[in-house]
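To start, the structure itself, in structure tokens.
Bear in mind these aren't lab numbers, they're just calculated from the coordinates by the rules spelled out. Only a predicted model underlies this, so the values are computations on that prediction, with no experimental measurement involved.
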């Protein structure tokens with residue numbers, strides 16, 4: 001199965017606590033490692049979590065200090081580690097100015113750092129998946145992100161392939177990868193032996209935000225929704241004032257978007273003990289059952305959806321099966 005792993009480096013609200021660092025998460029998809037927001041101390045958390053430091057790109061939701069102050073130190077550390085490849089930093093309008101001032105203060109490295117501004121609806125295409133920006137509602141310009149894999153081929157019908165005269169081996173693999181093959185002059189097409197296309201996995205990260213229709217739309221059928229859950233319903237007026245969400249409001253978004261799992265983050269310091277965490281979780285579970293409060297260094301492996309394979313693994317390529325047999 002293609003690795004898709006989320007590691008929470010920082011889960012605090014605006015003020016860090018002894019248990020929670022400022023906002024930062026990393027998502028690994030095979031060799032690609034992306035950071036979403038980079039609060040201070042993020043690089044140390046990466047070391048503790050053993051995520052590795054080979055960052056493919058950084059995606060910033062907005063420019064409040066608790067989401068960006070880890071970038072200068074991270075750049076310096078990567079430079080001292082000998083990084084040579086460019087580092088791309090994506091963010092809403094203003095990221096170019098932010099990076100200009102950062103580098104002018106002497107925080108540059110021995111490698112190129114590029115700033116790329118994104119608007120809601122913009123798409124960053126990668127091999128086999130995309131990262132899309134969507135509109136959020138905070139008290140400064142902000143965006144959220146969707147990491148969504150491409151559709152996968154349908155489930156391979158091995159018995160049907162054999163019935164059509166194919167033998168297990170490279171021809172199976174070609175069909176699995178969308179190529180037609182020929183047996184005794186007959187063409188066998190992928191659709192002859194593959195079921196309907198299956199969805200890839202989808203992760204949504206909101207950053208700091210009030211609930212909004214754009215989040216519901218962007219998070220439709222997501223496997224994981226990582227949502228601002230700063231406060232409880234008792235502090236809803238304050239959540240509105242500072243443009244954050246309550247745990248219950250995030251749960252309502254998850255329910256409406258039909259996501260599989262909701263993770264609440266950006267937790268206010270007032271809920272730093274277990275009683276506070278339990279309070280937020282209980283409020284959210286009244287609306288959406290499959291919810292969890294993020295903790296620093298918590299790691300999630302995102303599996304494929306029910307209805308594909310119950311163990312979460314993709315069908316193995318026939319070439320890979322043969323390699324395992326030979327070894």
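A compact table of results
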{"quantity": "Relative contact order, percent, the chain [alpha-carbon distance under 8 Å, six or more residues apart]", "calculated": "17"}
{"quantity": "Paired Rg and Dmax values of region 30-162, which use every Cα atom, in angstrom", "calculated": "17.5, 66"}
{"quantity": "Whether region 1-99 is rounded, prolate or oblate, judged on the alpha carbon gyration tensor where a/c under 1.5 counts as rounded", "calculated": "rounded"}
{"quantity": "Over the chain: helical MRE at 222 nm, DSSP H runs n ≥ 4 each giving -39500 (n - 2.57), nearest 500", "calculated": "-7500 deg cm²/dmol"}
{"quantity": "Nearest-ten-degree value, helix 247-257 long axis tilted from longest Cα axis of the chain", "calculated": "30"}
{"quantity": "For region 119-237, the Rg and Dmax computed from alpha carbons only, in angstrom", "calculated": "21.6, 73"}
{"quantity": "Candidates 283, 292, 112: whichever shows maximal mean-square fluctuation once the chain is modelled as a Gaussian network with Cα springs under 10 Å", "calculated": "112"}
{"quantity": "Over region 95-161, relative contact order from alpha-carbon pairs under 8 Å, at least 6 apart, %", "calculated": "21"}
{"quantity": "Gain on full stretching of the segment that runs from residue 295 to residue 164 - 0.36 nm per residue minus C-alpha separation", "calculated": "42.0 nm"}
{"quantity": "Zero-based 10 Å bins, Cα pair distances in region 207-253, whole percents", "calculated": "30, 55, 14, 0"}
{"quantity": "Average projection area in nm² (convex hull over Cα atoms of region 107-149, one quarter of hull surface)", "calculated": "4.5"}
{"quantity": "Crossing angle, helix 274-285 versus the chain [Cα axis fit, 0-90 degrees, rounded to tens]", "calculated": "60"}
{"quantity": "Cα extents of region 89-189 along the three principal axes, largest first (Å)", "calculated": "69, 36, 18"}
